Amino acid sequence: MFDLYLVDYHLHTSLSGHAEGDMEEYVETAIRKGLKEIGFCDHAPLPEKFPFPNKESLSIPLSKFPSYVKKVLDLRKAYPEIKIKLGCEIDYIPNYIEETLTLVKNFPFDYLMLSLHFLGKYPIDHPHFQEVWEKLGKDKVFQSYFETLGDAISLGEFDVLAHPDLPKKFGYQPSFPLLPFYKKISSLLKNNEMVVEVNTAGLRKPVGEIYPSLSFLQILKENQVPITFGSDAHSPKEVGWKIGEAYEWAKSAGYSEFAIWERRGYSLHPIGCVFKKIVS
Ligand SMILES: [Zn+2]
Ligand SMILES: [Zn+2]
């Protein structure tokens, strides 16, 4: 039953102020659910001069970042029965990104995950900050998101793209087709040797769909962009959440392999045969 190589590369921790549970509980849940490999991938500190109030509610404070790294490395030793990788999720914030990239180079990360939550001063995916949707309107949010994401990918500094079509989270859609953006992003990812995360968190949100959509994933496959898997767990009970469905989603887009990370490099592992409801 557990010969399938199940991974979850997107686990948060309470250090970033909006997730819950001890890191040990995340690991023990993963072991219990039969996962072979997990990656802690908490929110890297938001840049010091970025004018967002209450940063500690969205990211690990700078002062606690070294202890986050140390804790993951300690857990790796304490639980040899599961592979534990060190990652972090980096918000792309134009004009401030160098600060974050300089910081993460001091630590032995297995992968750096790029995400775009902020357009201007506010996150597009936070229920308490809907200003950006009201101010810009749906079309402009989608357009700016994909254009800014293209800039971030073109930096060539990241390994994995998190939740690639995040603006769909609340079920909003633009008035124009997204296909040209999917194609542009896919070719940029390919050119910058990046991998895309198939992320099950969308199934817990109003949109009720895995990130990325199947049509986006098919274009990524056509462009030979590799994938990996994550639940975006913000509590121990979300570890490995519906990862089996993500494997099926990937297979239905034509994928047969996924990326396993180590020290900023990856190898490909077969997806194999998914027995539904192994993990839920
Ligand atoms: Zn989070
Ligand atoms: Zn995210």
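The values are calculated or read from the model by the stated rules, or taken from the named source; none is laboratory data. Keep in mind that this is a model prediction, so the values were computed, not measured. In this analysis, Cβ positions are derived from the backbone assuming ideal geometry, glycine residues included, and neighbour counts consider all displayed protein chains.
One line per residue, one yes/no per condition, for (1) more than 14 Å from the chain's Cα centre (by Cα); (2) among the hydrophobic types (A, V, I, L, M, F, W, C); (3) more than 25 Å from residue 109 (Cα to Cα); (4) surrounded by 18 or more Cβ atoms within 10 Å (Cβ to Cβ):
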| position | (1), (2), (3), (4) |
| --- | --- |
| 159 | no, no, no, yes |
| 172 | yes, no, yes, no |
| 221 | yes, no, yes, yes |
| 229 | no, yes, no, yes |
Handout entry: residue 209, sole failed condition from (1) closer than 18 Å to residue 115 by Cβ; (2) charged (D, E, K, R); (3) free of Cβ contacts under 8 Å to residues at least 40 places away in the same chain; (4) more than 16 Å from ligand 1 (Cβ to nearest atom)
Key = (3)
Problem - From the options 82, 93, residue that is within 16 Å of ligand 2 (Cβ to nearest atom), at pLDDT 95 or above and not acidic (Asp, Glu) - result: 93
Exercise for the section: Can you confirm whether the stretch 107-122 contains a residue that is among the charged types (D, E, K, R), touching a helix residue (DSSP H, G or I) at 6+ places or on another chain (Cβ under 9 Å) and at pLDDT below 95? Expected result: yes
Practice task
Would you mind telling me which numbered condition in (1) free of Cβ contacts under 8 Å to residues at least 24 places away in the same chain; (2) under 23 Å from residue 109 (Cα atoms) residue 163 fails?
Solution key: (1)
Handout entry: All positions within the stretch 58-94 that are charged (D, E, K, R) and in contact (Cβ under 8 Å) with a residue 60 or more places away in the chain
Key = 85, 89
Practice task
Can you confirm whether the stretch 128-149 contains a residue that is in a loop (DSSP other than H, G, I, E, B) and in contact with an Asp or Glu (Cβ under 7 Å, 6 or more places away or on another chain)?
Solution key: no
Practice task
With a cut-off of at least 1 residues that are farther than 22 Å from residue 179 by Cα and of a type in the set (A, V, I, L, M), name the strands (runs of 3 or more DSSP E) lying wholly within the stretch 192-280.
Solution key: 257-262, 265-270
Handout entry: Answer from 185, 219 - the residue that is touching a residue at least 40 places away in the same chain (Cβ under 8 Å), β-branched (Val, Ile, Thr) and closer than 26 Å to residue 265 by Cβ
Key = 219
Completion exercise
Among residues of the stretch 107-141 being over 22 Å from residue 54 (Cβ atoms) and among the charged types (D, E, K, R), the residue farthest from ligand 2 (Cβ to nearest atom) is 139
Exercise for the section: State all residues of the stretch 240-254 that are on the phi < 0 side of the Ramachandran plot and away from ligand 2 (no atom under 16 Å from the Cβ); if no residue qualifies, say none. Expected result: 243, 244, 245, 247, 248, 249, 250, 251, 252, 253
Handout entry: Count of residues meeting criterion [closer than 26 Å to residue 38 by Cα and either free of Cβ contacts under 8 Å to residues at least 24 places away in the same chain or surrounded by 16 or more Cβ atoms within 10 Å (Cβ to Cβ) (or both)] in the stretch 108-125
Key = 10
Exercise for the section: Quickly run through the stretch 18-33 and pick out the residues that are buried (at least 17 other Cβ atoms within 10 Å of the Cβ) and either over 16 Å from the mean Cα position of the chain (by Cα) or at pLDDT below 95 (or both). Expected result: 21, 23, 26, 27, 29, 30, 33
